[in-house]
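Structure, as structure tokens:
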Amino acid sequence: MSAKADGFINFLEKHLTPIATRIENQRHIATIKDGMISLMAILMVGSISLIIAGVGNFFPEGSPVHGFFTRHSALLNLPFNFTFGLLSIYSAVSISYTHARRLDLPPLHAIIGGVLATVILCGRYEDGKFDFAFLDSRGLFVSIFASMFAVEAMKWLVEKKITIRIKGLPDMIGKTFEAILPLLVIIIASMIINQTVISLSGGQILPEVFTTMFAPAVKGIDSYLGVFLVSLFEMMFWFLGLNGYAILVGFTLPFMTHYLAENAAAFSAGEVPQYIFTENWWGYFLACTGSGLTGALAILALFSKSKTLRATGKATIIPAFFNISEPVVYGFPVVYNPYLFLPFVIGTPLLGMFTYFIFDMGWVRAPIASVGGMPTPIAQYLVTLDWKAVLLVPVILGLAILMYYPFFKIYEKSVLKKEELETQAQSKEGDVLKDLDLDF
């Protein structure tokens, strides 16, 4: 490739790498990323129960199997209601624990503080009764910020020694007394915020205000522009050798988790799921066979004229069907490879917009479940419970192969030329040894 291409890559490395590193290491963003990833276990448990509860829909109405699932739907949906229905509580536990570990605080009381703040800010107490309806996905964003506020407040109070400390007590009891004042401050502050919001909003609690005020932002990622920008930045980071998913997921995962919870609730209620850009859509459709659709490169490599590329294809094809892109990204390599910059960084977002269009038109059901570790195309089916998702996989892969093909062939020529030069060098080395006529 030209010197201009190398110069552009050097420009990206110089300006983007420091920004990406700062983003990935920023403590609040890192906490959100790690805390939300920890929620995947809860989401998978709820998703499995949702998939089981939906089995009856595959049988005709009036059949014994359909009737069984209909009669016992309330019981079958209990795991879903106790997971997705209390998502904000689990988020508070996960975020508080992760942030406490990052700030070197004892996790137990930090978790209690985060849960207390979340319950107060997401709940309502009227006529002697508690209303915790917003402890589902609608309170997710409040729980994230409430938990981090609680842990940060506890850290500051402990550092300033605004605590009760009694010498001579056993360590566990001493830490309990030490947590009393910080927890009291968190409760009072949360109550003040809650009552202020209710007074200023005409009776709405914070999650309701968030839903009203930030609805455009919440829906912003779930759009053609959102897909393009997220994918573009992810591919640029990967091209520079950085894990693009790990850098961006701290921003996007709260939104994607909210989308999935809303879709799952809609599907459970017999309604049409509305949101597309969930975490599993990113993983199994936008990044079908790996970030940058790298499975297409693995397939092309299998039929390459180059021995090096064929060997790479054999080594990377199985991981690709488990959506593992690193063997191709680093082994092919795609990183800093100017031949593959255009299809990888620019082509992937464009193909992602096409995939989004398929879902947006309603031809494939939007994701309603979270699964992990499943190979293509089983994962795509389980995520949507729609057989058309299985048919979409070869379409995406076929388009990706067409997208990469001309650039791959140019890269292949350069690899073949290197192999030819190496063969010639080895041949000359062999001739020299023969001329020496060494006999040991």
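The values are calculated or read from the model by the stated rules, or taken from the named source; none is laboratory data. Nothing here was measured: the structure is a model prediction, and the numbers come from that model. Positions of Cβ are backbone-derived with ideal geometry, glycine not excepted, and every protein chain shown enters the neighbour counts. Keep in mind that these areas ignore ligands, DNA and RNA; they rest on the heavy atoms of the full protein, side chains included. Shrake-Rupley method; radii C 1.70, N 1.55, O 1.52, S 1.80 Å.
Return yes or no: is Phe255 assigned by the TED database to the domain that holds Asn280 and closer than 19 Å to Cys288 by Cα? The answer is no for Phe255.
Tally time: how many residues in the stretch 234-260 are part of a helix (DSSP H, G or I) and within 14 Å of the chain's Cα centre (by Cα)?
18
Look at Leu76 and say whether it is touching a residue at least 60 places away in the same chain (Cβ under 8 Å) and not assigned by the TED database to the domain that holds Ile368. No, not satisfied. Counted as qualifying within the stretch 1-79 are the helices (runs of 4 or more DSSP H) with 3 or more residues that are at pLDDT 75 or above, namely 27-38, 40-53, 64-71, 73-76.
Among the numbered conditions (1) under 22 Å from Leu43 (Cα atoms); (2) aliphatic (A, V, I, L, M); (3) free of Cβ contacts under 8 Å to residues at least 24 places away in the same chain, the only one that Met148 does not meet is (3).
Looking at the structure I just gave you, is Glu420 exposed (fewer than 13 other Cβ atoms within 10 Å of the Cβ) and not basic (Lys, Arg)?
Yes: the conditions hold for Glu420.
Looking across Gly372, Gly352, Gly362, one residue alone is at positive phi and either part of a loop (DSSP other than H, G, I, E, B) or not assigned by the TED database to the domain that holds Ile52 (or both). It is Gly362. Quick check on my filter: what residues within the stretch 304-335 are outside any helix (DSSP H, G or I) and surrounded by 21 or more Cβ atoms within 10 Å (Cβ to Cβ)? Listed by number, the residues that qualify are Asn323, Ser325, Phe332, Val334.
Just one of (1) surrounded by fewer than 22 Cβ atoms within 10 Å (Cβ to Cβ); (2) in contact with a Leu (Cβ under 9 Å, 6 or more places away or on another chain) fails for Pro338. It is (2). For Gly292, the stated conditions hold: it is of a type outside the set (S, T, N, Q), open to solvent by less than 10 Å² (accessible area, probe 1.4 Å) and more than 30 Å from Ser73 (Cα to Cα). Look at the stretch 213-233: where a residue is modelled with pLDDT of 90 or more and a partner is of a type in the set (A, V, I, L, M, F, W, C) and open to solvent by 30 Å² or more (accessible area, probe 1.4 Å), sitting 6+ places away or on another chain with Cβ atoms under 6 Å, you get Tyr224/Met353; Val227/Met353; Phe228/Met353.
Scanning the stretch 368-406 for residues that are open to solvent by 40 Å² or more (accessible area, probe 1.4 Å) and in contact with a Phe, Trp or Tyr (Cβ under 6 Å, 6 or more places away or on another chain) returns a single hit, Val390.
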